[in-house]
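So the structure is just underneath, and the comments pick up after that.
The values are calculated or read from the model by the stated rules, or taken from the named source; none is laboratory data. Treat the numbers as computed from the prediction; the structure is a model and nothing was measured. Here Cβ is always computed from backbone atoms with ideal geometry, including for glycine, and neighbour counts include all displayed protein chains. When the accessible area is computed, the model is the full protein with side chains, heavy atoms only, and any ligands, DNA or RNA have been set aside. Shrake-Rupley method; radii C 1.70, N 1.55, O 1.52, S 1.80 Å.
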Amino acid sequence: MANRPFDMLNEAIGKEVLLLLKGDVSIRGTLKAFDVHLNLVLDNAEKLENGEAKTKYGKLMVRGDSVVLISS
Amino acid sequence: MANRPFDMLNEAIGKEVLLLLKGDVSIRGTLKAFDVHLNLVLDNAEKLENGEAKTKYGKLMVRGDSVVLISS
Amino acid sequence: MANRPFDMLNEAIGKEVLLLLKGDVSIRGTLKAFDVHLNLVLDNAEKLENGEAKTKYGKLMVRGDSVVLISS
Amino acid sequence: MANRPFDMLNEAIGKEVLLLLKGDVSIRGTLKAFDVHLNLVLDNAEKLENGEAKTKYGKLMVRGDSVVLISS
Amino acid sequence: MANRPFDMLNEAIGKEVLLLLKGDVSIRGTLKAFDVHLNLVLDNAEKLENGEAKTKYGKLMVRGDSVVLISS
Amino acid sequence: MANRPFDMLNEAIGKEVLLLLKGDVSIRGTLKAFDVHLNLVLDNAEKLENGEAKTKYGKLMVRGDSVVLISS
Amino acid sequence: MANRPFDMLNEAIGKEVLLLLKGDVSIRGTLKAFDVHLNLVLDNAEKLENGEAKTKYGKLMVRGDSVVLISS
């Protein structure tokens, strides 16, 4: 079990994650990198609308302060 | 009784909590970890709409500055 | 009379307070703890809608930067 | 005449002020205390809607970063 | 010509300025004081709606982080 | 070519720029000054609505944290 | 593969990127420069609406804290 919040991100590297961003934007992709500001890099990313893929992004960097939650 | 706000979080580790996030998002789950920025890790988490579970997340990290309140 | 804003909070410990949070959320409960960031712990808390109790929370931590005002 | 913004607040202690807060909330009351973060304590405070008193608060602390403007 | 942004404010002391604040609030008045946070004091201030004076404020302090722009 | 973001602003001094501010406000004018916070001074500035000049400002200071983008 | 979020930006210099900014603004252009605040300079930039180019900007500086995500 993760004992600190960022441990969860370490365990999620290379796996699929689901992001909820401010402005009610949902993104799904493979977590490639993150830093202490919660800036994230995803690969094979896509934007979801009503649970379905709407926009394919390829490689994506998300600014940390846009992040509401990260699910793995 | 908690004498400082974070004491309440220490007592809530391993228990179910209810979160209200900015943008009127409600999340319920088991509190696994937190840090001083109020970043939180929940397990068995789900998003609620009108009090009912709508989305199951499994493990979840919530960015601290999205948090409005935490109920235990 | 309070000479500094936080004196008012010290005097309100153990008493009922009414909070207005960002996003027009109103909370009523007994103030148990606070810190310099205005993080607050309430007991017997409830969310109000149109002045009536709608959701009972029990123990509650409010993140300071969600607070608009605190009335005692 | 005030030469620095906070001089105006010093002169307003004990007098009635009108606040405009974020989210278009208007508050009127007697200024009792303030600090460098613009946290304010008011007495005999009331929330105004369309210029009329709607909610009586008694003693009130306003978080500084909610403040848009203060009129005396 | 002003070479740094705050030079413009120095030149505007004692003159009428027009402010645009967050939340689309327009204020007109005489600039009396400012500080490095862009906190401003205006005299003979009034709130404008559709270009017409709607609310007279007398003396006014505006919190810097509410300011979008200042015109002189 | 600019190698750092602020090089672009240095090159734009004395030229016409187009600003997009938070809250979907568009401003056009001649860039006179800027600082590291992205506070900007424009001359001959005007607010645009649907691409047409609506309000003439003369000299204008824009608070940096209102800026979304600057085009030259 | 990028191991840190900013590595992705280094690799994207000189290439076309797609930005999502706060307020649901989409921008496409060639990445010319960036800094640690995620301030970005784009060339041949255009604003997209519903996936189509609506406004041509030429050279553009985007303030870092407006950025939600960057796709390459």
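Only one of the numbered conditions (1) farther than 18 Å from residue D:22 by Cα; (2) open to solvent by 10 Å² or more (accessible area, probe 1.4 Å) is violated by residue E:24, and that is (1). Tell me, which residue of the range D:12-41 that is within 13 Å of the chain's Cα centre (by Cα) and of a type in the set (Asp, Glu) is modelled with the highest pLDDT? Once the filter is applied, the top-ranked residue is D:16. Among the residues making up the range F:45-72, a single one is at pLDDT 95 or above, over 23 Å from residue E:39 (Cβ atoms) and of a type in the set (S, T, N, Q): F:71. Looking across the range E:1-36, the residues that are more than 7 Å from every other protein chain (Cβ to nearest Cβ) and either out of contact with any strand residue (DSSP E or B) (no Cβ under 9 Å at 6 or more places or on another chain) or of a type in the set (S, T, N, Q) (or both) come down to E:10, E:26, E:30, E:36. For the range C:13-34, a tally of residues being farther than 19 Å from residue C:47 by Cβ and among the small types (Gly, Ala, Ser) returns 2.
Is it fair to say residue C:32 is in a strand (DSSP E or B), closer than 19 Å to residue B:21 by Cβ and charged (D, E, K, R)? No, not satisfied. When residues in the range B:46-55 are screened for being within 9 Å of chain A (Cβ to nearest Cβ) and either surrounded by fewer than 20 Cβ atoms within 10 Å (Cβ to Cβ) or under 9 Å from the mean Cα position of the chain (by Cα) (or both), 1 of them pass. Does residue F:7 satisfy the condition of being without any contact (Cβ under 8 Å) to a residue 24 or more places away in the chain and closer than 23 Å to residue E:24 by Cβ? Taking the combined requirement at face value, the residue does not satisfy it. Filtering the range C:35-72 to residues that are over 17 Å from residue B:16 (Cα atoms), free of Cβ contacts under 8 Å to residues at least 12 places away in the same chain and part of a strand (DSSP E or B) leaves C:52, C:54. Note on the range D:12-25: residues that are in a strand (DSSP E or B) and more than 19 Å from residue C:49 (Cα to Cα) amount to 6. Looking only at the range B:1-11, residues that are outside any loop (DSSP other than H, G, I, E, B) and either surrounded by fewer than 20 Cβ atoms within 10 Å (Cβ to Cβ) or of a type in the set (S, T, N, Q) (or both) come to 4 in all. Counting only residues that are on the phi > 0 side of the Ramachandran plot and open to solvent by less than 50 Å² (accessible area, probe 1.4 Å), the range F:30-45 holds 1 of them. Residues in the range G:52-64 that are more than 23 Å from residue F:40 (Cα to Cα) and in contact with a strand residue (DSSP E or B) (Cβ under 8 Å, 6 or more places away or on another chain): G:53, G:54.
Scan (1) open to solvent by 40 Å² or more (accessible area, probe 1.4 Å); (2) out of contact with any Lys or Arg (no Cβ under 8 Å at 6 or more places or on another chain); (3) within 9 Å of another protein chain (Cβ to nearest Cβ) for the single condition residue C:61 breaks and write down its number. That leaves (1) as the condition not met.
Checking residue F:19 against (1) open to solvent by 10 Å² or more (accessible area, probe 1.4 Å); (2) among the hydrophobic types (A, V, I, L, M, F, W, C); (3) out of contact with any Phe, Trp or Tyr (no Cβ under 8 Å at 6 or more places or on another chain): exactly one of these is not met. Which one? It is condition (1) that residue F:19 fails.
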